[in-house]
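Contents: one structure, followed by commentary.
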Amino acid sequence: MKILGFDTATPATAVAILDTATGATAAERDIPPRGERPRHTTALMAMIVAQLRSFDTDWGEIDRIAVGVGPGTFTGLRIGVATAQALARARDIPLVGVSTLQSLALGAAGAAGAGWGTAPPDVDAVVAVIDARRGEVFAAGWSLQDVSRPGAAARLAPRALAPEALAAELRGGGRSWLAVGDGAVEFRAALERSGAWIPEEDSDRNRVDAVVHCRLAAGLRPEAPDDVRPEYLRLPDAEISLRAARQQ
């Protein structure tokens, strides 16, 4: 089975193709320089076409599309999910929504013997942390045994919360945590005080990998395109600002 996967939940645009029969992959990631806006609108389709060419395949050979459903930025998620829905309808390809947080956690943990490296020996759980702006993070955590299972229940359920609140959750969980993602890097001080281990800022463990989306999607049931929806976890920033203005 050949799976096309992509994600636009974070500032990066990630695209990959996986052939589950051979294990062959092709992948690309576009990361905007610090301070610049994400390039999802201009980069996504160009990267998809480039990866199809790189993999020497065409739409007729793609058996499944996997799209990251977040949580993440409102605009980014809307672009990614809308693109996936349109491609699934136009090409009549089954569509799967993948948790961006679980994919990030799985890629970092190096689960399923996929050769992505190993966590420190005392770590027994991994929490994915995405910077949600406004002083909050999106986070979810799994045991190392569970994170590789598609749709596995999280030990720390996906939510939006303050970094200090997340640190308190990690301290009280009775586990040794690997914390990854741009939110873990941004709020390193608070999370390290909880005892969490955080890779260096430039580590690939902190970045979404669309190949991992494909691996998870191989074990998930496809849905009707309209049923694949973004997982925002909180109101869009524009709506938050509007409500704050009304209260004032």
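The values are calculated or read from the model by the stated rules, or taken from the named source; none is laboratory data. Note that the structure is predicted; figures quoted are calculated from it, not measured. Here the Cβ positions follow ideal geometry from the backbone for every residue, glycine too, while neighbour counts run over all protein chains shown.
Numbers at a glance
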{"item": "Wholly within the range 1-85, strands (runs of 3 or more DSSP E) carrying at least 1 residues that are hydroxyl-bearing (Ser, Thr, Tyr) and touching a strand residue (DSSP E or B) at 6+ places or on another chain (Cβ under 9 Å)", "result": "13-19, 25-30"}
{"item": "In the range 86-121, residue modelled with the lowest pLDDT [restricted to those that are among the β-branched types (Val, Ile, Thr) and either part of a strand (DSSP E or B) or surrounded by fewer than 22 Cβ atoms within 10 Å (Cβ to Cβ) (or both)]", "result": "Thr118"}
{"item": "Selection within the range 144-153 - surrounded by fewer than 16 Cβ atoms within 10 Å (Cβ to Cβ) and of a type in the set (Ser, Thr, Tyr)", "result": "none"}
